[in-house]
1. Here is a check on your reading of the model: is residue 129 more than 20 Å from the chain's Cα centre (by Cα), under 30 Å from residue 232 (Cβ atoms) and surrounded by 13 or more Cβ atoms within 10 Å (Cβ to Cβ)?
2. Can you name every residue in the stretch 212-234 that is within 15 Å of residue 98 (Cα to Cα) and over 22 Å from the mean Cα position of the chain (by Cα)?
3. Collect the residues in the stretch 183-209 that are of a type in the set (Gly, Ala, Ser), assigned to a helix (DSSP H, G or I) and loosely packed, with under 15 Cβ neighbours inside 10 Å, keeping them in residue-number order.
4. If you go through the stretch 119-137, how many residues are assigned to a strand (DSSP E or B) and modelled with pLDDT under 95?
5. Could you tell me whether the stretch 165-182 includes any residue that is part of a loop (DSSP other than H, G, I, E, B), closer than 21 Å to residue 223 by Cα and in the same structural domain as residue 91 (by TED's automatic domain parsing)?
6. Which of the residues that make up the stretch 187-220 are under 15 Å from residue 122 (Cα atoms) and either among the hydrophobic types (A, V, I, L, M, F, W, C) or outside the structural domain of residue 155 (by TED's automatic domain parsing) (or both)?
7. Which of the residues belonging to the stretch 181-203 are under 14 Å from the mean Cα position of the chain (by Cα) and not aliphatic (A, V, I, L, M)?
8. Hey, among 234, 223, which residue is in contact (Cβ under 8 Å) with a residue 60 or more places away in the chain, in the same structural domain as residue 96 (by TED's automatic domain parsing), among the hydroxyl-bearing types (Ser, Thr, Tyr) and part of a helix (DSSP H, G or I)?
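The values are calculated or read from the model by the stated rules, or taken from the named source; none is laboratory data. Just so we're clear, the structure is a prediction, and the values are computed from it rather than from any experiment. Using ideal geometry, Cβ is built from the backbone for each residue, glycine included, and neighbour counts are taken over all protein chains shown.
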Amino acid sequence: MFDVDKWQEIFETISKNKLRTFLTGFSVFWGIFMLIILLGSGNGLRNGFEQEFKEDAINSIWVYRGRTTIPFKGMKPGRSIRFTDEDHNALDGRVDGLENVASRLWLGSKDMVYQEKKGNYQLISTHPGQFYAENATLITGRFLNKIDIEKRRKVIVIGIPIQKELFPNDDHLGKEIKVGGISFKVIGTFKDGGGARDNRRGYIPQTVGQMVFDRGRNVHAISTTIGDATPEESLIIEQKMR
């Protein structure tokens, strides 16, 4: 039953305490607004991570550089961790369960030129195993192989957008392009489901990237796949890697 007296009392109380009513209403509004912002930010961050890694192989492990968090043999925490070829070699073929071990080195954005065509794209030097960790699809030609690494061949595999922009007539395999002023032979093209950024890059042999761009034996990250290992087995493999 509708109680008129009760509602009159409510409206009288509100009219006599306008400031308190306003502040209460604003507080409720602000709380709801902040909740929406936080939920939206959380979902956005989650979606960002999912988009970044959704097309990578689900059985892959990625190891990145960072900083130490605990003291070690008298050294303080917060020290920068650096990877070199030795870290890659310590894992490749020496830890049971690891497949397609590959280190990678980000070489920044480089101008890539073919005749009158030119564009600026990301360049990465790596090993053949990178192709499996990225779960990329080879469209034409081939990916890097062990001989490319050993003989320091100046070859490059480019993303489809690069191929379309530098070679609009689709005649690209075996052609020489300038990458940062250095000639590389195009041996293949790939498509990566990770997004536009992942496709606008070229891959060259790790040994070549370190040599011609004067990076010594440094690497930025190491990736590997672990076959059909169970979740329990993958944890054991992770501990071995550490």
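1. Numbers: more than 20 Å from the chain's Cα centre (by Cα): no; under 30 Å from residue 232 (Cβ atoms): yes; surrounded by 13 or more Cβ atoms within 10 Å (Cβ to Cβ): yes.
The answer is no for residue 129.
2. Selection gives 228, 229, 230, 231, 232, 233.
3. Answer for the stretch 183-209, where residues must be of a type in the set (Gly, Ala, Ser), assigned to a helix (DSSP H, G or I) and loosely packed, with under 15 Cβ neighbours inside 10 Å: just 196.
4. 1
5. no
6. Passing the criteria: 190, 196, 204, 213.
7. Going residue by residue through the stretch 181-203, those that are under 14 Å from the mean Cα position of the chain (by Cα) are 192-201.
192, 193, 194, 195, 197, 198, 199, 200, 201, listed by residue number.
8. Checking each option against the conditions leaves just 234.
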